[in-house]
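K.L.:
Provided herewith is a single structure, encoded as structure tokens, for subsequent inquiry.
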Amino acid sequence: MKKIIAFAGSNSSTSINHKLVKFVVSEIKGHDIRTINLVDYTMPIYSEDVEKNSGFPGMAMGLKQQISEVDALIIAVNEHNGSWSAFFKNIVDWLSRLDRNFLEGKKILLMSTSPGKRGGVSSLEFAKSVFPRFGAEIVESFSFPSFYDNFSIESNKVTNETLLLGLTEVLSTFAHQI
């Protein structure tokens, strides 16, 4: 049994990426998975001046410690104008300043969803290119398009059979790779 942390890179109280994370976590069996909400990790906007004058935020150090204690991560990145949200970038900035290799040895299932047909693929591709710089191994990735057309929030289920099959295959591969 592997230890896994799961979260979405969003600070929205109605985040569809967080809903996707919750669904995925419910589908993976046989591992110790903890879902966290990054909104609980309050950090100022990264600045060299803040770092020099105030040091590292305790929440950044706490999050880094939690990441260091797990074998893998499940991350759903949201998309703002074709990239990560400023909220998520700020968290990654602080973590990478604490330790450039804060994801060293971590296997990652990377996902993204959006209301549109592209499913946040630009943000997903950006994350796939950036996370390895911090030591991560992207084991699997999945873009979930047209969230509201393909997912039932009320029943917490994927309603599109083709997407469900693809996602199930990705989850199976991830579970076996970790």
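K.L.:
Quick check, is SER68 over 19 Å from ILE138 (Cβ atoms) and not basic (Lys, Arg)? Before you say what the answer is, go through the steps one by one.
P.N.:
On the way: over 19 Å from ILE138 (Cβ atoms): no; not basic (Lys, Arg): yes.
Against the criterion (over 19 Å from ILE138 (Cβ atoms) and not basic (Lys, Arg)), SER68 does not qualify.
K.L.:
All but one of (1) surrounded by fewer than 21 Cβ atoms within 10 Å (Cβ to Cβ); (2) farther than 18 Å from LEU167 by Cα; (3) of a type in the set (Val, Ile, Thr) hold for ILE91; which doesn't?
P.N.:
Answer for ILE91: the failing condition is (1).
K.L.:
I'd like the full set of residues that are on the phi < 0 side of the Ramachandran plot, over 14 Å from the mean Cα position of the chain (by Cα) and assigned to a loop (DSSP other than H, G, I, E, B), limited to region 121-178.
P.N.:
PRO145, ILE153, GLU154, SER155, THR159, ASN160, ILE178
K.L.:
Are there any pairs, at least 6 apart or on different chains, whose C-beta atoms fall under 7 Å, with the first in region 46-67 and without any contact (Cβ under 8 Å) to a residue 12 or more places away in the chain and the second outside any helix (DSSP H, G or I), and if so, which?
P.N.:
From region 46-67, the pairs are VAL50/PRO44.
K.L.:
If you take the residues of region 30-65 that are under 19 Å from ILE108 (Cβ atoms) and surrounded by fewer than 14 Cβ atoms within 10 Å (Cβ to Cβ), which of them is modelled with the lowest pLDDT?
P.N.:
Step by step, filter region 30-65, then rank; the result is GLY30.
K.L.:
Any residue in region 1-17 that's within 21 Å of LYS64 (Cα to Cα): show its pairings with residues that are modelled with pLDDT of 95 or more and basic (Lys, Arg) at Cβ separation under 6 Å, as long as the two are six or more apart or on different chains.
P.N.:
Between residues of region 1-17 that are within 21 Å of LYS64 (Cα to Cα) and residues that are modelled with pLDDT of 95 or more and basic (Lys, Arg), the close pairs are ILE5/ARG34.
K.L.:
Still on this structure, please answer the following. Can you name every residue in region 160-169 that is touching a residue at least 24 places away in the same chain (Cβ under 8 Å), closer than 13 Å to SER143 by Cβ and in contact with a helix residue (DSSP H, G or I) (Cβ under 9 Å, 6 or more places away or on another chain)?
P.N.:
At the first step, the residues of region 160-169 found to be touching a residue at least 24 places away in the same chain (Cβ under 8 Å) are 166-168.
So of that shortlist, the ones also closer than 13 Å to SER143 by Cβ come out as 166-167.
Scanning region 160-169 gives a single hit, LEU167.
The values are calculated or read from the model by the stated rules, or taken from the named source; none is laboratory data. Being a predicted model, the structure only gives us computed values, none of them experimental. As a convention, Cβ positions derive from the backbone with ideal geometry for all residues, glycine included, and neighbour counts pool all protein chains shown.
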